[in-house]
Every structure is written in structure tokens, then in C-alpha cells.
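Scroll down for the structure; my scribbles are underneath it.
The values are calculated or read from the model by the stated rules, or taken from the named source; none is laboratory data. In this text the structure is predicted, and so the values were computed from the model without any measurement. Glycine also receives a Cβ, built like all others from the backbone with ideal geometry; neighbour counts cover every protein chain displayed. Just so you know, the surface numbers come from the protein's heavy atoms only, side chains and all, with ligands and any DNA or RNA stripped out. Shrake-Rupley method; radii C 1.70, N 1.55, O 1.52, S 1.80 Å.
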Amino acid sequence: MKKLILLLTLFLSIELIYAQDTFDKKLVNAAIALTKKKVIYDPTYYRISYPNGDVPEGRGVCTDVIIRAYRTLGYDLQKLIHEDMAKNFTKYPKKWGMKTTDTNIDHRRVPNQMLFFSRFGKTKIISNKAADYIPGDIVAWDLGKGLTHIGLVINQKSGDGKRYLIVHNIGYGQEISDCLFSFKIIGHYTYSGK
């Protein structure tokens, strides 16, 4: 009986690892595909539909990269973050003086995405070791002067082969960059929508 339980546990562990690996590959591919589209950095507040709303095509910020990559896999972060904020508004940052939720912008703010991923994903170690950051991970940075940033680790390596690259939008559109350690890391997550 013990052998059966051990085998079953091993089988289920392998299945979970495979499922996560497959999800991460799809997420990475979705993020890379975003870099093929011309998008200019545009932090404008837009009124957008709900659910599945998006800013105008060809526009966006760093959080839109994350939103669009997950939407490709069927996860609407606009809806998911809004629903959690509506139930747990006091847990979310009050940096913008909001008194209630706003489906147009809440999901497009780095601190809100960070809190959501910490609540529903897995918070991972923050370190200066490149090996700790793997494809499919979400990384958030402090750019200084109150500015934050977020991007997705992909399966392509830096020119020196020491670290994975990031898909993000830091002002030049959706792009692939070697910027993992360019700024102070303040968040490190994985989220597979479960």
C-alpha cells in the first residue's frame, strides 16, 4: 500500500510539474508574440470595456504586457483583479487616493498586480542570482522616485548567456531586453491562474 501511495504521489508531482512547464511555455510565447506588434508607451487613462477591456491597439504600458500575455491564455486580469479588489479593497495600495475600484485602471497599476500575484500566485525569492529567475516568472522593479515597473521572464538568454531576458514596456514599446538586474527588484512571482 505504501508503494502505491508513493507511486501515486510521484505521478501526481510529475503531472503538476509538466502542467506548470506547459503553462509557462505558453505564457512566454504569448509575451514574445507581443513584441512583434508595434506599441508605443502610453500611460493615458482610458475608459475601457469590462470585462476583457483593453486600451487602444498600439498603445500600452508595462502592465499591459502582463495583461495581454495572460489574456492570450484566457485569463482576464482586469476582471480577476477587479473582483479581488471589490472584496478586499482595504488590502490594496491607496497610493492614488482611490475610494473605490475602477475597472479602467486598477489592473494597469504595478502595485495592484504585485498584490494580486502575491495573493493568488506564488511569491518567489528576490535575489541577485540569475538562476532564481526562470521563464514564466513575473518580476517587478523600483525605478526610483516612486516609479515601479513589471515584466515577464522569457526563455531567451542574455548575450553572455548568464540570465534570461525580459519582455516589458519601459517607454519604447513592447520589447525584449536584458534588464533583469538593471533596477532594484521588489517583486518576484509566478501565476498560473489556479
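When you check S182 against the structure, is it at negative phi, open to solvent by less than 40 Å² (accessible area, probe 1.4 Å) and either assigned to a loop (DSSP other than H, G, I, E, B) or among the acidic types (D, E) (or both), yes or no? Break it down stepwise before answering.
Working: at negative phi: yes; open to solvent by less than 40 Å² (accessible area, probe 1.4 Å): no; either assigned to a loop (DSSP other than H, G, I, E, B) or among the acidic types (D, E) (or both): yes.
It is false that S182 is at negative phi, open to solvent by less than 40 Å² (accessible area, probe 1.4 Å) and either assigned to a loop (DSSP other than H, G, I, E, B) or among the acidic types (D, E) (or both).
Each row is one residue, and each column tells you yes or no for (1) farther than 12 Å from H188 by Cα; (2) without any contact (Cβ under 8 Å) to a residue 60 or more places away in the chain.
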residue: D106; (1), (2): yes, yes
residue: S118; (1), (2): no, no
residue: K124; (1), (2): no, no
residue: Y133; (1), (2): no, yes
residue: L143; (1), (2): yes, yes
residue: G151; (1), (2): no, no
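Could you please let me know if Q156 is polar (S, T, N, Q), in contact with a strand residue (DSSP E or B) (Cβ under 9 Å, 6 or more places away or on another chain) and closer than 16 Å to A69 by Cα? Considered against the rule, which asks whether it is polar (S, T, N, Q), in contact with a strand residue (DSSP E or B) (Cβ under 9 Å, 6 or more places away or on another chain) and closer than 16 Å to A69 by Cα, Q156 comes out as no.
Does A33 count as at pLDDT 95 or above, assigned to a helix (DSSP H, G or I) and of a type in the set (A, V, I, L, M)? So A33 fits the description; yes.
Could you check D54 against (1) part of a loop (DSSP other than H, G, I, E, B); (2) open to solvent by 70 Å² or more (accessible area, probe 1.4 Å) and say which number it fails? The single condition D54 does not satisfy is (2).
Test D64 against the stated conditions and say whether it is out of contact with any strand residue (DSSP E or B) (no Cβ under 9 Å at 6 or more places or on another chain) and closer than 14 Å to Q174 by Cα. Before the answer, list the steps.
Numbers: out of contact with any strand residue (DSSP E or B) (no Cβ under 9 Å at 6 or more places or on another chain): yes; closer than 14 Å to Q174 by Cα: yes.
It is true that D64 is out of contact with any strand residue (DSSP E or B) (no Cβ under 9 Å at 6 or more places or on another chain) and closer than 14 Å to Q174 by Cα.
For the stretch 127-141, the condition of being of a type in the set (A, V, I, L, M, F, W, C), under 30 Å from S49 (Cα atoms), at pLDDT 95 or above and surrounded by fewer than 17 Cβ atoms within 10 Å (Cβ to Cβ) holds for none of the residues. Being among the aliphatic types (A, V, I, L, M), closer than 26 Å to D76 by Cα, open to solvent by 40 Å² or more (accessible area, probe 1.4 Å) and touching a helix residue (DSSP H, G or I) at 6+ places or on another chain (Cβ under 8 Å) holds for only one residue in I176, I154, I150, and it is I176.
Within the stretch 105-126, work out how many residues are buried (at least 20 other Cβ atoms within 10 Å of the Cβ) and either farther than 26 Å from I48 by Cα or of a type in the set (D, E, K, R) (or both).
Step one: of the stretch 105-126, the residues buried (at least 20 other Cβ atoms within 10 Å of the Cβ) are 106-110, 112-114, 116-117.
So of that shortlist, the ones also either farther than 26 Å from I48 by Cα or of a type in the set (D, E, K, R) (or both) come out as 106, 108-109.
Residues that pass the stated criteria total 3.
If we scan the stretch 126-138, do we find a residue that is assigned to a strand (DSSP E or B) and either under 24 Å from K94 (Cβ atoms) or within 11 Å of the chain's Cα centre (by Cα) (or both)?
Here is the first cut: in the stretch 126-138, the ones assigned to a strand (DSSP E or B) are 138.
Still in the list and also either under 24 Å from K94 (Cβ atoms) or within 11 Å of the chain's Cα centre (by Cα) (or both): 138.
The answer is yes; a qualifying residue exists.
Only one of the listed residues (M85, M98) is open to solvent by less than 10 Å² (accessible area, probe 1.4 Å), over 30 Å from Y164 (Cβ atoms) and hydrophobic (A, V, I, L, M, F, W, C). That residue is M85.
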